[in-house]
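The values are calculated or read from the model by the stated rules, or taken from the named source; none is laboratory data. Keep in mind that this is a model prediction, so the values were computed, not measured. In this analysis, Cβ positions are derived from the backbone assuming ideal geometry, glycine residues included, and neighbour counts consider all displayed protein chains. These area figures cover heavy atoms from the full protein model, side chains too; ligands, DNA and RNA do not enter into them. Shrake-Rupley method; radii C 1.70, N 1.55, O 1.52, S 1.80 Å.
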Amino acid sequence: MLTEAEIRQLTLDPEDWASLRVLGHRMLDDMLDHLATLRGQPAWQPVPPEVEAALNQPLPTTPEPAERVYEEFLSNVLPYTSGNRHPRAWGWVRGNGTPLAMLADMLASGINAHLGGGQQAPTLVEEQVLQWLKEMMGMPAESSGILTSGGTMANLLGLAVARHARAGFDLREEGLQGAHPTLLVYGSTETHMWARKSMEFLGLGNRALRQIPVDSDSRIDLAALRSQIKADRAEGFRPIAVLGNAGTVNTGAIDDLPGLAAICREEDIWFHVDGAFGALLRLSPRYAPLVAGMELADSLAFDMHKWMYLPFDIGCVLIRDREVHTAAFATPASYLEETDRGMLAGGMVFSDRGIELTRSFKALKVWMSLKTHGIETYAGLIEQNMEQAAHLAKLVENDAEMQLLAPVSMNIVCFRYRPQTGLPVEPERLNQLNRELVLRLQESGKFIVSGTVLDDTYAIRVANTNHRSRMEDFDALAKEVMVLGRRLLNDPSSWSSPA
């Protein structure tokens with residue numbers, strides 16, 4: 001006869017569902033209370049030494065009550081995050097998340113669907129979302145696409161398809177180790193770092209990434225691009241792709257996309273557009289002309305955890321040629337054989353469009369959010385962000401102690417504090433002052449901004465993809481820059497020692 005221990009059935013389901021239900025309701029109430037009161041909380045605060053020490057724990061070997069673990073979350077995790085959900089968070093290019101999408105993620109985790117494909121409703125939901133996104137971006141209905149973790153992965157997949165389509169040989173079979181011409185990719189000097197990482201990852205190498213100079217508006221120089229392509233062909237190299245920017249990360253500049261598309265057609269080169277956040281300008285009838293020509297791309301990458309404000313992570317790449325997209329990634333396996341019936345009916349369609357087999361049901365938060373809020377709401381929020389950026393730019397231009405450092409073509413404002421009286425400040429010292437200003441603004445808990453360098457000049461950088469911001473928040477930022485700037489000017493010894 002078996003002992004009780006031998007017949008015991010282990011599981012991770014709770015023994016007491018009622019107690020977990022109570023805890024779950026408390027978690028939901030706490031998070032909704034947290035989101036509802038963000039404006040009264042610090043935008044960001046550093047992790048105290050005692051919290052850092054408390055989070056440095058040995059590997060758990062025995063259970064402890066979930067309630068106690070949750071209390072640790074409340075005290076040691078929730079208060080000390082990157083803060084991008086705050087109404088005054090404009091650092092880098094980060095969205096805020098929404099309460100509804102948070103709930104959608106909870107539902108998706110509850111379903112725990114495997115989104116490689118197969119005969120299931122979540123597959124249909126993702127295909128529906130992709131159809132909507134193609135329509136939103138002006139891409140053909142028959143084109144292909146896949147949801148990704150973010151812009152870097154979306155761009156990487158787009159470039160991988162370009163490499164497959166334009167290599168001129170069977171790259172999947174031969175790899176890059178044969179005696180073939182060097183494959184080249186072109187992008188402006190303002191292209192995001194994803195390009196360099198992707199060139200390395202794809203085995204093309206950084207020397208094969210031709211960085212083309214930009215004009216005074218930070219847009220790629222078309223004449224220089226044509227000249228470089230011609231010179232490279234004369235050297236026996238093989239140009240395969242041009243990367244266009246629908247919103248550069250530094251300043252939000254938008255390349256001449258129709259011009260790039262024309263060059264790519266003439267040269268038989270793949271045209272990829274990085275629209276990480278700028279692509280979503282297409283939702284606004286007022287601002288859609290800024291990204292005209294984007295719909296001509298062979299591949300288009302963009303995020304929805306930026307200017308659709310969804311929780312991390314959610315990106316997308318759309319590929320004009322469905323067959324080429326699948327040919328770049330599809331890998332048959334007997335254990336995933338497509339059938340006409342059963343659970344694998346229809347095949348592993350998403351596995352055939354990327355490098356991941358195991359994928360989460362990230363489409364649910366897009367599907368629920370688009371249906372609940374509607375495109376017009378998102379268009380209005382994007383227009384609101386654009387108007388707020390223009391308002392901040394005017395505040396900067398109208399104050400003698402601040403200087404706008406780049407044209408404001410989208411939602412990014414790059415500026416600096418530039419004192420007019422008192423201690424003369426040399427260029428490098430002025431850069432140091434503004435670096436200190438960025439740190440002080442962050443450490444104040446009032447604002448989250450980031451910094452960048454434009455032509456050797458350090459800039460305070462505000463990238464507004466925030467659905468919670470109000471005009472008065474930008475008034476407050478401009479005022480705080482002046483107050484902190486003057487304070488630092490009077491105490492230069494503290495510039496390298498953030499308070």
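Can you name the residue in the stretch 222-275 that is among the hydroxyl-bearing types (Ser, Thr, Tyr) and at pLDDT below 95 and, of all such residues, is farthest from SER188 (Cα to Cα)?
Among them, the one singled out is THR251.
Being crowded, with 18+ Cβ neighbours inside 10 Å and at pLDDT below 95 is the filter here; which residues of the stretch 166-190 pass it?
Passing the criteria: LEU171, GLU190.
Could you go through the stretch 399-421 and let me know if any residue there is open to solvent by less than 50 Å² (accessible area, probe 1.4 Å), assigned to a helix (DSSP H, G or I) and not basic (Lys, Arg).
Checked against the condition, which is being open to solvent by less than 50 Å² (accessible area, probe 1.4 Å), assigned to a helix (DSSP H, G or I) and not basic (Lys, Arg), the stretch 399-421 yields no hits at all.
Looking at the stretch 330-352, I want the residues that are over 12 Å from GLY116 (Cβ atoms) and have a partner that is of a type in the set (A, V, I, L, M) with Cβ atoms under 8 Å, at least 6 apart or on another chain. Which pairs are those?
Here the result reads GLU337/LEU344; THR339/ALA345, each pair linking the stretch 330-352 to a residue that is of a type in the set (A, V, I, L, M).
Please go through the stretch 214-262 and pick out each residue that is without any contact (Cβ under 8 Å) to a residue 40 or more places away in the chain and not in a helix (DSSP H, G or I).
VAL214, ASP215, SER216, ARG219, ASP221, GLU235, ASP256
Just to be sure, is ALA66 among the hydrophobic types (A, V, I, L, M, F, W, C) and over 30 Å from ILE319 (Cβ atoms)?
For ALA66, the condition - among the hydrophobic types (A, V, I, L, M, F, W, C) and over 30 Å from ILE319 (Cβ atoms) - is met.
Would you be able to say whether some residue in the stretch 372-383 is assigned to a helix (DSSP H, G or I) and farther than 15 Å from HIS467 by Cβ?
no
Identify all residues within the stretch 252-269 that are under 26 Å from the mean Cα position of the chain (by Cα) and open to solvent by 10 Å² or more (accessible area, probe 1.4 Å); write none if there are none.
ILE254, ASP256, PRO258, GLY259
Mind listing whichever residues of the stretch 38-92 are aliphatic (A, V, I, L, M), assigned to a loop (DSSP other than H, G, I, E, B) and within 28 Å of VAL453 (Cβ to Cβ)?
Matches in the stretch 38-92: ALA43, VAL47.
Is there a residue being open to solvent by less than 70 Å² (accessible area, probe 1.4 Å), farther than 30 Å from ILE375 by Cα, at pLDDT 95 or above and assigned to a helix (DSSP H, G or I) anywhere in the stretch 145-156?
no
What number of residues in the stretch 280-312 are assigned to a strand (DSSP E or B) and either touching a Phe, Trp or Tyr at 6+ places or on another chain (Cβ under 9 Å) or open to solvent by 10 Å² or more (accessible area, probe 1.4 Å) (or both)?
Final tally of qualifying residues: 4.
Working only within the stretch 162-179, note down all residues that are touching a residue at least 40 places away in the same chain (Cβ under 8 Å) and part of a loop (DSSP other than H, G, I, E, B).
Answer for the stretch 162-179, where residues must be touching a residue at least 40 places away in the same chain (Cβ under 8 Å) and part of a loop (DSSP other than H, G, I, E, B): ALA167, GLY168.
Would it be correct to say that LEU12 is surrounded by fewer than 13 Cβ atoms within 10 Å (Cβ to Cβ) and more than 23 Å from PRO311 (Cβ to Cβ)?
Spelling it out, LEU12 is indeed surrounded by fewer than 13 Cβ atoms within 10 Å (Cβ to Cβ) and more than 23 Å from PRO311 (Cβ to Cβ).
Can you find a residue in the stretch 33-53 that is more than 30 Å from ARG470 (Cβ to Cβ) and of a type in the set (Ser, Thr, Tyr)?
No, there is no match, as no residue in the stretch 33-53 is more than 30 Å from ARG470 (Cβ to Cβ) and of a type in the set (Ser, Thr, Tyr).
Of all residues in the stretch 432-465 being in a helix (DSSP H, G or I) and either in contact with a His (Cβ under 8 Å, 6 or more places away or on another chain) or open to solvent by less than 10 Å² (accessible area, probe 1.4 Å) (or both), which is nearest to ARG85 (Cα to Cα)?
LEU441
Could you tell me whether the stretch 413-427 includes any residue that is under 20 Å from HIS86 (Cα atoms), modelled with pLDDT of 95 or more and under 20 Å from the mean Cα position of the chain (by Cα)?
Step one: filter the stretch 413-427 for residues under 20 Å from HIS86 (Cα atoms), giving 413.
Filter again for modelled with pLDDT of 95 or more, leaving 413.
Pick out the ones that are also under 20 Å from the mean Cα position of the chain (by Cα) and you get 413.
For the stretch 413-427, residues under 20 Å from HIS86 (Cα atoms), modelled with pLDDT of 95 or more and under 20 Å from the mean Cα position of the chain (by Cα): present.
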